[in-house]
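Computed from the coordinates by the stated procedures, all read-outs in this text should not be read as laboratory data. All values derive from a computational prediction rather than experimental measurement. Here Cβ is always computed from backbone atoms with ideal geometry, including for glycine, and neighbour counts include all displayed protein chains.
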């Protein structure tokens, strides 16, 4: 028997949880204070209702698991209400911050074992129920923080049914980790993109994919993110201060023509990037890439991937480098280490422009 | 008649120019001070020789165009030697900085009209002749700076034959533009990635594509980049100081719980990013995307792109979001505005998981 689930908050995360669990045969209900969110979730087939704020009555529903999927600034309040309303249910809070929420909860709640942080590492640049997907959590990691062993077992069951993986961290470790890998990059990317507001159009016209990648997450939702950032202020500030100081030192080094100091940061950047697990960490050596020039015509990519399919080599990733509005591009195909030569030769023999030298 | 071309420096750029122009029927020779680079260029079929340093004799070759493709720190010296050796040839310098090189040249050279900056916006994370491609400049913009009208006409002919586009800028405007769209993003990305050197493995294990994109260019070559950055120190320092100050103010705002100040940067980041021309600038409204969940099996991408091909819709870009080493991913297909609905419905009818809701 799968547990019955109730979801508070029908944004991207809450609605995606509802869609995903329903697909796995769960009995799922949901609520939101925003009538528009409720309507959108209902359109997607979610059993959603408008939240009743006052009075906080014992619910006539008895879900075994309640997901709290509201902005972090109101998560503590929402957890308190859910704890009262839903008797013995496990309360899973998806917030991307932990310490500030725990600090706002009574020991009765945090000591109960049935309140737990469950943060899915599945952010997107889009928000709202309209962007929800049943597969949003497929292969994504959820970080579980405080809570009892029984709570952990139940959470693991539900998250696994959504296709997710699990890690467990102390709340403080969680907050330190997300400050470093998510919150600080957000502010750095936003602060860099903010420099473009007053720039000349002609300056921006020569920008390329380097700038585009660096400021991609600067497109994130300011409301949601100011809430997240405020909730993890101490950890973020510590790392962000280091970045700010590093940049100030680089300014001085540039003015002093101190090439050694500049190289030091560039080398540390190489080293730091190589530590990221995954295909793009240059130090990992787990992946190689093959570049193919294609014409930007309908069917050109299909032809290329059909060619890759014939060779029976599994692509790990694909990147397309090209200039906006121009008729061609270089497709970068990532494959496991040791397979790039076979792919390059195979594609070349089939007439693909793998070398740009014909 | 196409002009004869000589290339000084057989790195990524110089060797790619040689390959590209040879393909268009040019008579091309090349030289490098590094015997290994010469050998690699020769392996690619380039007529490359080891540079003769001393004495600087008049050349027995008479190229009409000479490309100087050496690190910016030695570009001025290389331009001087080329100016002497190659009588009336047009000297095109591909350096990504301008002012500091011009400052190191005699008025005789800069006033001659036959020395010109020609900077291709075609950087890659890779370097060296082994990464060279004949199509590196296909659809890429070259920024032309100083030089006579006759020089500009000749440069335009050669660059067009490499498939490139042209813009003209004053040297000072060029340096300001590349500081903003290329050099400052490089240092910001490197400084952020440098924070990961001492991080816990478990912290890095939960990182996602947001961090990965933000630090992608932190993988760039430290030797080449410290040369570039030193050559444009004044312009870079001005913008970088603003970023550093902005981050310092954000630290203070976090500590003071000044949510309004934090939101201000996040909104400015939205606005700055939307000003970038191209598909990812969220304000451009020129592109829409459709998300499709695929299994990460050989042939899955081919099947998807074959499906797109049947619908006769031209893809503008593709992104794959997935978690390393896991068996599935979401493919984001970018198409011109107004065509996403047709693509989504078409793929859905053909059995593709475009909605994640089945």
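Averaging the inverse of every distinct alpha carbon separation and then flipping it gives the Kirkwood radius. What is it for the protein assembly as shown, in angstrom units? Spell out each step's value before the answer.
Values: mean 1/r = 0.0367 Å⁻¹.
Mean inverse Cα-Cα distance, inverted, gives 27.3 Å.
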Just check the stretch A:98-188 against the gyration tensor rule for me: Cα atoms, a ≥ b ≥ c as the square roots of the eigenvalues, rounded for a/c under 1.5, and otherwise prolate or oblate depending on whether a/b exceeds b/c. oblate
Teacher prompt: residue B:61 distances to equivalent labels in other copies, 7 Å Cα→Cβ, nm: 7.7
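In percent, what relative contact order does chain A have, based on Cα pairs under 8 Å that are 6 or more apart in sequence? Walk me through the numbers on the way to the answer.
Numbers: 549 pairs, mean separation 42.2, N = 358.
Over chain A, the number comes to 12 percent.
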Kindly state, as a whole number, the per residue volume in cubic angstrom of the convex hull around the alpha carbon atoms of the stretch B:174-274. 130 Å³
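Nearest 0.05, what FRET efficiency do residue A:24 and residue B:160 give at R0 = 51 Å with Cβ-Cβ as r? It would help to have the intermediate numbers written out before the result.
On the way: r = 58 Å, r/R0 = 1.13.
E between residue A:24 and residue B:160, to the nearest 0.05, is 0.30.
Run through every distinct alpha carbon pair of chain B and return the Kirkwood hydrodynamic radius in angstroms, one decimal place.
23.5 Å
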With label points built 7 Å along Cα→Cβ from the Cα atoms of residue B:223 and residue A:168, find their separation and express it in nm. 4.9 nm
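Helix-only estimate, please: 222 nm mean residue ellipticity of chain B, summing -39500 (n - 2.57) across DSSP H runs of length 4 or more and dividing by its residues, to the nearest 500.
Numbers: 15 runs with 152 residues, N = 358.
Rounded to the nearest 500, the figure is -12500 deg cm²/dmol.
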Distance between modelled label sites at residue A:149 and residue A:84, nm, 7 Å Cα→Cβ extension: 3.3 nm
Could you give the nm distance between label points at residue A:104 and residue B:104, where each point is 7 Å from its Cα heading toward the beta carbon? 5.7 nm
Relative to the longest principal Cα axis of chain A, at what angle does helix A:75-85 sit, 0 to 90 degrees, rounded to 10? 40 degrees
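Could you line up A:257, A:23 from fewest to most neighbouring Cβ atoms inside 10 Å? Spell out each step's value before the answer.
Details: A:257 10, A:23 17.
Fewest-to-most Cβ neighbours within 10 Å comes out as A:257, A:23.
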Would you mind listing the distances between the residue A:245 label point and the same position in each other copy? Use 7 Å along Cα-to-C-beta, nm, one decimal, shortest first. 2.1
Between the alpha carbon centres of the stretch B:138-170 and the stretch A:141-172 the gap in Å comes to 58 Å
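Rounded to the nearest 0.05, what FRET efficiency do residue B:131 and residue A:234 have when you use their Cβ-Cβ distance and R0 = 51 Å? Before the final figure, lay out the partial values.
Values: r = 44 Å, r/R0 = 0.86.
Efficiency for this residue pair is about 0.70.
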Using the 10 angstrom Cβ neighbour count as an exposure proxy, how do A:145, A:49 rank, fewest first? A:49, A:145
Please state, to two decimals, what the Cα-based radius of gyration of the stretch B:5-169 comes to when divided by 2.2 N^0.38 Å (N = residues). 0.94
Radius of gyration, Dmax [the stretch A:111-243; alpha carbons; angstrom]: 17.9, 60
Out of all Cα-Cα pairs in the stretch A:180-223, roughly what percent, to the nearest whole number, are more than 13 Å apart? 57 percent
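Pop the C-beta distance of residue B:2 and residue B:259 into the FRET formula with R0 = 60 Å and round what comes out to the nearest 0.05. Spell out each step's value before the answer.
Values: r = 62 Å, r/R0 = 1.03.
Between residue B:2 and residue B:259 the formula returns 0.45.
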I need the inter-copy label distances for residue B:130: point set 7 Å along Cα to C-beta, values in nm with one decimal, smallest first. 4.9
As a test of understanding, state the convex hull volume per residue of the stretch B:1-42 from its alpha carbons, in Å³. 56 Å³
